[in-house]
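Notes for the one structure printed next.
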Amino acid sequence: MTETAASSSQGRPSPEAKQPRRNVFSRIALFVRQVIGELRKVVTPTRGQWLNYTAVVLVFVVIMMLIVTGLDFVFFSAAKWVFVGTPTQ
């Protein structure tokens, strides 16, 4: 095993890997460069993909609205039956 691999497997960094701490402005500049680099990797969806994603989200929202509405009706009917004593008509 090499010196670097042996020292890294022990859970502590090797003395050669220790770098001097940068000042605040160079760290901010590095962060901005990294953000720009990551943003260059982003792929913009095509029009067809946008429409497909929008349709999927709308269908999901409608299904969730129906589930919540059904549960609301069931719980309301149960609460009315418990507290009022008459079933809903």
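Observations on the structure shown:
- Failed condition for ASP72, given (1) at pLDDT below 95; (2) surrounded by 10 or more Cβ atoms within 10 Å (Cβ to Cβ): (1)
- Residue that is surrounded by 10 or more Cβ atoms within 10 Å (Cβ to Cβ), modelled with pLDDT of 90 or more and of a type outside the set (D, E, K, R), where the choices are ALA29, ALA6: ALA29
- Reported count of residues in region 32-65, each being outside any helix (DSSP H, G or I) and loosely packed, with under 10 Cβ neighbours inside 10 Å, is 5.
The values are calculated or read from the model by the stated rules, or taken from the named source; none is laboratory data. For clarity, every value in this text was computed on a predicted model and none was experimentally measured. Every residue, glycine as well, gets a Cβ built from its backbone with ideal geometry; the counts of neighbours run over all protein chains shown.
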